[in-house]
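The structure under discussion appears below in the form of structure tokens.
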Amino acid sequence: MSDIVVKRSKIGQFENGLGVFANRNFKKGEIVVRYPDLKPLTEKEFQQLPDSEKTFTHTQWGTKYLYPLPARYVNHSDEPNTVQDLKKRHDIATRDINRGEEITTDATKDDIS
């Protein structure tokens, strides 16, 4: 059993309506979503991506990154239950998260130079 699952979201941030959900309870401080395959992109690589893939990129410290599955479907919230640790390539619970709850992050923390 995977700790997280991708399924329909009520948030509706993505065109396909997907989001990431807890498949078990998480405690504050636990790693919730791992993305070891986070891919840094050159500007040329970014420009060559189809528009549908550009949706899943974010800029951190002046570098664009392409997020892998399932991390790419973590929706934004003004009151997120995780925070990104891009250096360690995972999202950490900022509070206890219940099974079935959607995993969210604050996407405004992107684009940090």
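Computed from the coordinates by the stated procedures, all read-outs in this text should not be read as laboratory data. Every value quoted in this text rests on a predicted model; they were computed, and no experiment measured them. Cβ placement follows ideal geometry from the backbone for every residue including glycine, while neighbour counts extend to all protein chains displayed.
The sole residue among Thr105, Thr82, Thr63 that is closer than 20 Å to Ser2 by Cα, free of Cβ contacts under 8 Å to residues at least 40 places away in the same chain and polar (S, T, N, Q) is Thr105.
As for the range 77-91, it holds at least one residue that is in a loop (DSSP other than H, G, I, E, B), surrounded by 15 or more Cβ atoms within 10 Å (Cβ to Cβ) and at positive phi. Residues in the range 50-65 that are buried (at least 17 other Cβ atoms within 10 Å of the Cβ) and either in contact with a Ser or Thr (Cβ under 9 Å, 6 or more places away or on another chain) or more than 19 Å from Val20 (Cα to Cα) (or both): Gln60, Lys64, Tyr65. If you take the residues of the range 15-36 that are exposed (fewer than 15 other Cβ atoms within 10 Å of the Cβ) and touching a helix residue (DSSP H, G or I) at 6+ places or on another chain (Cβ under 9 Å), which of them is nearest to Asn98 (Cα to Cα)? Within the range 15-36, the match that is nearest to Asn98 (Cα to Cα) is Asn16. Of the residues making up the range 81-111, those that are within 17 Å of Gly12 (Cα to Cα) and under 11 Å from the mean Cα position of the chain (by Cα) are Ile103, Thr104, Thr105, Asp106, Ala107.
Any idea which residue in the range 1-23 is farthest from the chain's Cα centre (by Cα), counting only those that are under 10 Å from Asn75 (Cα atoms) and of a type in the set (S, T, N, Q)? It comes out as Ser9.
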